[in-house]
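> If you scroll down you'll find the structure; I have some questions about it.
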Amino acid sequence: MADAALDLVAIAPTDNLRYLLGFAPHSDERLCLLLISGGEEAMVVPALNAEQIASLAPGLRLADWDDAAGPAATLAAVLRSLGVSGAARLAVDPELRADHLLALEAALPHATVTNASSLIAPLREIKDDHELDLLRRCAELDDAAVRAAYAALEPGMTELELADVVAGTYRERGGAPEFTIVGGGPNSAFPHHATGSRRFETGDAVVLDVGGRLDDYPSDITRMAFVGDPSERYREIHAIVEAAVQAGIAAAKPGVSCADVDAAARKVIADAGYGEYFTHRLGHGLGISVHEAPWIMAGNDAPLRAGAVHSIEPGIYLPGEFGVRLEEIVHVDEDGAHRLSSLPREVHIAHV
Ligand code: ZN
Ligand code: ZN
């Protein structure tokens, strides 16, 4: 904050707060803000949540307001007590609700407002041993969920039914499903297909991009299956995407720019003639949020740092035909990138 010449950082009940305090209260229209000034912090909280927050964060100064009075006077008093006034420089949580930002701006009409991500994202980017342990355990759950889907896949089953098998595996193992993208046949060509009621048919490529959550930390994996024997064309595309994953993993080292990691994998696909069918960035960081820094994409010249955890997920999407994406989550240390999953990336063949 001192380096950025900031007077105040305002954090909402989002993953940023969960990262800083270890919990995030229920988020709704009631104003709830952690306010951090140079030397002090305080939290403006709705009265109905105050007792719970006090038990979770003993020692944190709480200023509560009730529904009848509204938050404006409490917010103003806390800002005064923190010595924040006039042309203050604020950094706010990017997921702060617009109405709460407006309340903050009403309390400090001469303030300038910037995005607090530049302060918090670099902290979140580097995982400590505890976070890494949770991410690894969740990755094991993911492997089990994909194996269960492989075992269940058969013609006639719907995408939603297969997604249920995945979700059930997380629950059976003490976690919770976070998202399940299951796309069969032409639906596999939509990178973020909305899982639906289409039934699998012989000759379908099937994309499984799924993730769970265990003790606040998520997982994310993409694997491919095929109903019946894959065509030559499918095998060709799968092999190109596989080579792109390998190139991405080989390129991911501390000090290499995120853009260069993206470019290393993208080159494999472009050289094979399918560059225009790889329509998204190579990857994203994974931590408390499923998508967070570092962003592995063109234009991001920031260097990868040891301690980061991120995805490498190239794809080729042939509209109306099929798509192939393979996704690994890797942990970057001084030696390079190491994947968290131990599941092979070969296409699973569901025999019919
Ligand atoms: Zn994914
Ligand atoms: Zn991902």
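> Within the range 274-288, track down each residue that is in a loop (DSSP other than H, G, I, E, B) and either away from ligand 1 (no atom under 13 Å from the Cβ) or basic (Lys, Arg) (or both).
Once the filter is applied, which keeps residues that are in a loop (DSSP other than H, G, I, E, B) and either away from ligand 1 (no atom under 13 Å from the Cβ) or basic (Lys, Arg) (or both), the range 274-288 yields 274, 278, 279, 281, 287, 288.
> Read through the list (1) in contact (Cβ under 8 Å) with a residue 40 or more places away in the chain; (2) in a helix (DSSP H, G or I), then give the number of the only condition that residue 148 fails.
(1)
> Name the strands (runs of 3 or more DSSP E) wholly inside the range 168-235 in which the number of residues that are more than 16 Å from ligand 2 (Cβ to nearest atom) is 3 or more.
The strands (runs of 3 or more DSSP E) meeting that bar are 205-214, 221-227.
> Restricting to the range 6-26, give me the number of residues that are open to solvent by 40 Å² or more (accessible area, probe 1.4 Å) and either without any contact (Cβ under 8 Å) to a residue 60 or more places away in the chain or under 19 Å from the mean Cα position of the chain (by Cα) (or both).
Of the residues in that region, 6 qualify.
> Would you call residue 191 touching a residue at least 24 places away in the same chain (Cβ under 8 Å), crowded, with 17+ Cβ neighbours inside 10 Å and within 15 Å of ligand 1 (Cβ to nearest atom)?
Yes, satisfied.
> Turning to a different aspect of this structure: Yes or no: the range 272-279 includes at least one residue that is in contact with a strand residue (DSSP E or B) (Cβ under 8 Å, 6 or more places away or on another chain), within 16 Å of ligand 2 (Cβ to nearest atom) and on the phi < 0 side of the Ramachandran plot.
The answer is yes, given that some residue of the range 272-279 is in contact with a strand residue (DSSP E or B) (Cβ under 8 Å, 6 or more places away or on another chain), within 16 Å of ligand 2 (Cβ to nearest atom) and on the phi < 0 side of the Ramachandran plot.
> For residues in the range 290-349 being over 22 Å from residue 257 (Cα atoms) and of a type in the set (S, T, N, Q), which is nearest to ligand 1 (Cβ to nearest atom)?
For the range 290-349, the residue satisfying everything is 341.
> Looking only at the range 291-331, count every residue that is within 15 Å of ligand 2 (Cβ to nearest atom), among the basic types (Lys, Arg) and surrounded by fewer than 21 Cβ atoms within 10 Å (Cβ to Cβ) and tell me the total.
Residues that pass the stated criteria total 0.
> Could you give me the residue pairs with C-beta distances under 8 Å whose first residue belongs to the range 275-294 and is within 14 Å of residue 222 (Cβ to Cβ), whose second residue is among the basic types (Lys, Arg) wherever it lies, and which are 6+ apart or on separate chains?
Here the result reads 278/266; 282/266, each pair linking the range 275-294 to a residue that is among the basic types (Lys, Arg).
> Tell me which residues, restricted to the range 215-232, are touching a residue at least 60 places away in the same chain (Cβ under 8 Å) and either away from ligand 1 (no atom under 16 Å from the Cβ) or hydrophobic (A, V, I, L, M, F, W, C) (or both).
215, 216, 221, 224, 225, 226, 227, 228, 229, 230
> Given the residues 28, 7, which is the only one that is in contact with a Pro (Cβ under 9 Å, 6 or more places away or on another chain) and among the acidic types (Asp, Glu)?
28
The values are calculated or read from the model by the stated rules, or taken from the named source; none is laboratory data. All of these numbers come straight from a predicted model, not from anything done at the bench. Quick reminder, even Gly has a Cβ in these numbers, built from the backbone with ideal geometry, and neighbours come from all protein chains shown. To get the accessible areas, we keep the full protein, side chains included, count just its heavy atoms, and leave off ligands, DNA and RNA. Shrake-Rupley method; radii C 1.70, N 1.55, O 1.52, S 1.80 Å.
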